[in-house]
Amino acid sequence: MATNRARVKSVEESIRDTDEPGHRLKRHLSGLDLAVFGVGVIIGTGIFVLTGVVARDQSGPAVALSFVIAGVVCGLAALCYAEFASTVPVAGSAYTFSYATFGELIAWIIGWDLVLEMALGAATVAVGWSGYLNQLLGDLGIPLPAAIAGEEAVFNIPAVFVVALMTTVLILGIKFSSRVTSVIVAIKIAIVLLVIAVGVFFVEAANYTPFVPPAQPAEAGASGWDAPLIQTLFGFSPGTFGWGGVITGASIVFFAFIGFDIVATAAEETKHPAKDMPRGIIGSLAICTALYVAVSLVVVGMQPYTELSATAPLAEAFSSVGLPIFAGIISLGALTGLTSVVMILLLGQSRVLFAMSRDRLLPPALAEVHPRYGTPYKITIFTGVFVAVLAAVVPLEELASLVNIGTLFAFLLVSIGVVILRRTRPDLPRAFRVPLMPVLPIVSAIACLWLMANLPIETWVRFVIWMVLGVAIYYLYGRRRSRFSPHGAAEREQAGQTPGGAR
């Protein structure tokens, strides 16, 4: 039993809770399903946009190396997630892992933090989906009014539609959701592979020279609230191009990989989590890294990096070689890709909130599972409504960077937590172990801190405000009603359980 002072929920307690009547999720997912989920959420507009921006402004043709470096950094965090997810196969991802290592307060903070990554991320992607849809409709001569579609909409109807549609899919069952995701991901990968297969015939070797352009001093950088934290603290302002530009480019394209951690939120719905979770997490990351590198090599080979478009580099590259029809295909690929991203972000958010509700840090009634579909339908509907409202009316451009810092903070805690759990619970069976412990998790934590330090001060201020608000809610509600509080213990006893989760 966890001590009330530390309020650490043991791994055994977390696993016992997965069989709690009324809160039992159905196990339908395989390792392949998890990999498809990972690919579905990672590959979005990043592969169609960031390649050109980073090649033109930071890395030159060596943008492929930036993707490799970013993939390695994500891979370090992925190893930590894989060990945790195979050891603690419970819904909630970083929230559940933190509960087993740091205790209830940190678990609440990371759960609150994940709202930034998943709910805000889903709303942001839904708005982007609306923009791509309107672009395609415009190409067909039937654009929607700007007031109801696109990033400048007063009330974004397409964004609400895609959130509502994906929420419905999630309610109808995890097996059905995985099938829908498989179809979407197959279309998305087919389009990406088509771009690579066709584009490679238009590659000119001269465009790869110099592969790493000579370093150039940085221009007058941002100041005040817009300046990166590291620049304000240490006066460090990275230059462009050269190997420094490759590293800076890696910190930018890193965010194209965000999402693989959401695979861990489905641990409780996986048939064989001990072996399937590591395969799904690491496999999806490896597939996406390979696709990112291939696309980046093609696009910089088709057009000189200095001429790449900042908004639609792939479409412009194909237009430059006389294939404008591919602009529509690429837009279709982006639209399809964003559809799966919205759904899987909603999936991840609902599972985190489900775990928090089951622990009574949120109203426990929200954790009720549908008797037929086996999904946490109440919390899924709540998540869908919340995200739909954000996507419909809230301007999200200034808040989008919060998604990045929220994700990195989760990576940081998981990297540290896997070391702590190795020391505090060396007896736990671990189907997957992070190699070179504790070196790799420490390197992962340092890499996350470095990338966080490159974010603007304004983002840090908003992040701190969000965290303070979360701590206030915890002390006003969560701590008083959680599983370890007298109130929560009484409720669990009435349900035939001890406060520690035993029957």
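Side notes on the structure shown:
- Only a single item in (1) more than 19 Å from the chain's Cα centre (by Cα); (2) surrounded by 23 or more Cβ atoms within 10 Å (Cβ to Cβ); (3) of a type in the set (Phe, Trp, Tyr) is not met by TYR292, and it is number (1).
- Boolean, LYS175 is of a type in the set (D, E, K, R) and surrounded by fewer than 22 Cβ atoms within 10 Å (Cβ to Cβ): yes
- Contact map, region 477-488: residues that are part of a helix (DSSP H, G or I) paired with residues that are buried (at least 23 other Cβ atoms within 10 Å of the Cβ), Cβ distance under 6 Å, separation 6+ or inter-chain. Pairs shown: GLY478/TRP108; GLY478/LEU361; GLY488/SER482.
- Across region 466-491, the qualifying residues are those that are closer than 17 Å to VAL8 by Cβ and at pLDDT below 80, and the one among them that is surrounded by the fewest Cβ atoms within 10 Å (Cβ to Cβ) is ALA489.
- Residue selected from region 275-330 under the condition out of contact with any Lys or Arg (no Cβ under 7 Å at 6 or more places or on another chain), part of a loop (DSSP other than H, G, I, E, B) and hydrophobic (A, V, I, L, M, F, W, C), by the criterion modelled with the lowest pLDDT: ALA312
- Residues of region 32-43 include at least one that is surrounded by fewer than 23 Cβ atoms within 10 Å (Cβ to Cβ), modelled with pLDDT of 85 or more and farther than 29 Å from TRP108 by Cα.
- Lone qualifier among GLY337, GLY322 - being more than 17 Å from TYR132 (Cα to Cα) and small (Gly, Ala, Ser): GLY322
- Failed item in (1) farther than 28 Å from TYR373 by Cα; (2) modelled with pLDDT under 90; (3) within 18 Å of the chain's Cα centre (by Cα), with ILE109 passing the rest: (2)
- Selection from region 53-105 of residues that are among the β-branched types (Val, Ile, Thr) and outside any helix (DSSP H, G or I): VAL88, VAL90
- Residues of region 341-395 that turn out to be assigned to a loop (DSSP other than H, G, I, E, B), surrounded by fewer than 24 Cβ atoms within 10 Å (Cβ to Cβ) and in contact (Cβ under 8 Å) with a residue 60 or more places away in the chain, as a count: 8
- Qualifying positions in region 246-274 - part of a loop (DSSP other than H, G, I, E, B) and farther than 30 Å from ALA62 by Cβ: LYS271, HIS272
- When TYR81, TYR95 are checked against the criterion of being modelled with pLDDT of 90 or more, of a type in the set (Ser, Thr, Tyr) and within 30 Å of ALA334 (Cβ to Cβ), TYR81 stands alone in meeting it.
- Single residue of VAL72, VAL36, VAL49, VAL68 found to be within 28 Å of SER182 (Cα to Cα) and free of Cβ contacts under 8 Å to residues at least 24 places away in the same chain: VAL72
- Hey, GLU152 in contact (Cβ under 8 Å) with a residue 12 or more places away in the chain and of a type in the set (D, E, K, R) or not: no
- Residues satisfying the criterion are present in region 397-411 (criterion: surrounded by fewer than 15 Cβ atoms within 10 Å (Cβ to Cβ) and either at pLDDT below 95 or assigned to a helix (DSSP H, G or I) (or both)).
- When each of LEU140, LEU144, LEU136, LEU165 is tested for being modelled with pLDDT of 90 or more and either surrounded by fewer than 24 Cβ atoms within 10 Å (Cβ to Cβ) or closer than 26 Å to ILE381 by Cβ (or both), the lone residue that passes is LEU165.
- Failed item in (1) within 22 Å of ILE109 (Cα to Cα); (2) among the charged types (D, E, K, R); (3) not in a helix (DSSP H, G or I), with GLU458 passing the rest: (3)
- Within region 445-475, the residues that satisfy the criterion of being over 22 Å from PHE234 (Cα atoms) and in contact with a helix residue (DSSP H, G or I) (Cβ under 6 Å, 6 or more places away or on another chain) are GLY470, TYR474.
- Subset of region 278-289 (residues that are farther than 22 Å from PHE48 by Cα and either surrounded by 21 or more Cβ atoms within 10 Å (Cβ to Cβ) or without any contact (Cβ under 8 Å) to a residue 40 or more places away in the chain (or both)): PRO278, GLY280, ILE281
- Taking the listed residues LEU114, LEU50, LEU32, the one that is in contact with a Lys or Arg (Cβ under 9 Å, 6 or more places away or on another chain) and either in a helix (DSSP H, G or I) or farther than 20 Å from VAL253 by Cβ (or both) is LEU32, with no other qualifying.
- Hits in region 144-196 (condition: aromatic (Phe, Trp, Tyr) and assigned to a helix (DSSP H, G or I)): PHE161, PHE176
- Hits in region 316-334 (condition: in contact (Cβ under 8 Å) with a residue 12 or more places away in the chain and surrounded by fewer than 22 Cβ atoms within 10 Å (Cβ to Cβ)): GLU316, SER320, VAL321, LEU323, PHE326, ALA327, GLY328, ILE329, SER331, LEU332
The values are calculated or read from the model by the stated rules, or taken from the named source; none is laboratory data. These figures come from a predicted structure and were not determined experimentally. A quick note on method: Cβ atoms are made from the backbone with ideal geometry, for glycine too, and the neighbour counts reach across all protein chains shown.
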